[in-house]
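Below: one structure, written as structure tokens.
The values are calculated or read from the model by the stated rules, or taken from the named source; none is laboratory data. Keep in mind the model is a prediction, meaning the values are calculated, not measured. Quick reminder, even Gly has a Cβ in these numbers, built from the backbone with ideal geometry, and neighbours come from all protein chains shown. In case anyone asks, the SASA skips ligands and DNA or RNA and just uses the protein heavy atoms, side chains included. Shrake-Rupley method; radii C 1.70, N 1.55, O 1.52, S 1.80 Å.
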Amino acid sequence: MNETVQHRPGRDAASDLRAFAAVALRRQGVVGAVAPSSPALARALTAVVPTTAAAVVVELGPGTGAISEAIRRRLAPGSRQVAVEIDPGMVTHLNRARPWLDVIQGDAARLGALLAARGIDRADAVVSTLPWSLFPEDRQEAVLGEIGRVLRPSGAFTTVTYLHAVPLARARRFRGRLRAAFDEVLTTGPVWRNVPPGLAYVCRRPVGHV
Ligand SMILES: C[S@@+](CC[C@H](N)C(=O)[O-])C[C@H]1O[C@@H](n2cnc3c(N)ncnc32)[C@H](O)[C@@H]1O
């Protein structure tokens, strides 16, 4: 068996942390987090990934792959998993550490075109850890519009916010934008076992007027 695909939790986690820190220090304006997501947050974000039938699942901002692993564990046979990552350093790390993952290097604002180039027109689930607070508001709208267009009517979109940011005006405006873009927006309970603690928004039925 190829050494790179064997399960080595300790070594994998250390290598993920090194890669995350290297990019985060250099590009905090793109990464927007101090550490990879925890398994608890990954579980909250990936509960929308169908386990019972083959599905197309798209991840936005995979970073070093903490969420990608959780998605992979849920997938039913015949499913397809694709991840869109803008940072070339993260893409290099993912290609080396998670060779099973189909990573597209690109901007989530071009999601439809990036998926079309892979022969994908619709997704059953979109899971994002994109740093929304770093995006100008027109860019937030552009990315949400792309997600709404690729998501099947029966699909679900999840994304994360951090607890300390919840009361901020900017975060409130982002929640308003989610509610304008989706018929249903639910909030999970707090996930304390993450640095920093966070929660997930679970969005269904894109309404198509963002
Ligand atoms: C907060 S980190 C999350 C990393 C990882 N998914 C996790 O949860 O540990 C955000 C990731 O989104 C990527 N990113 C930022 N802007 C992006 C964009 N416009 N399109 C795709 N990826 C983007 C960053 O490079 C970074 O890897």
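Label reach from ARG26 (point 7 Å along Cα→C-beta): in region 126-146, amide nitrogens under 19 Å belong to 131. Estimated at the nearest 10 Å², the accessible area of ARG122 is 80 Å² with a 1.4 Å probe.
So for each of 202-208, 81-87 I average, over its residues, the number of other beta carbons within 10 Å; can you give me the resulting order with the highest mean first?
Averaged packing, sorted descending, gives the order 81-87, 202-208.
Set the Cα radius of gyration of region 107-163 against 2.2 N^0.38 Å, with N its number of residues, and you get 1.13.
Using a Förster radius of 25 Å, what is the FRET efficiency between THR52 and ARG122 based on their Cβ-Cβ separation? Nearest 0.05, please.
Working: r = 18 Å, r/R0 = 0.73.
Calculated transfer efficiency: 0.85.
Normalised Debye scattering of the chain at q = 0.08, 0.12 Å⁻¹ gives log10 I(q)/I(0) of -0.24, -0.57, counting only Cα atoms as equal scatterers and leaving out solvent. What a 1.4 Å probe finds exposed on the chain is 56% carbon and sulfur by accessible area, rounded to a whole percent. Given a 1.4 Å probe and the protein chains as shown, PHE174 ends up with an accessible area of around 20 Å². Of interest is the spacing of the C-alpha centroids, which for region 37-111 and region 123-196 amounts to 16 Å.
Using Cα pairs under 8 angstrom and six or more residues apart, how large is the relative contact order of region 1-140, in percent? Intermediate values should be presented prior to the final figure.
Working: 207 pairs, mean separation 37.3, N = 140.
Value for region 1-140: 27 percent.
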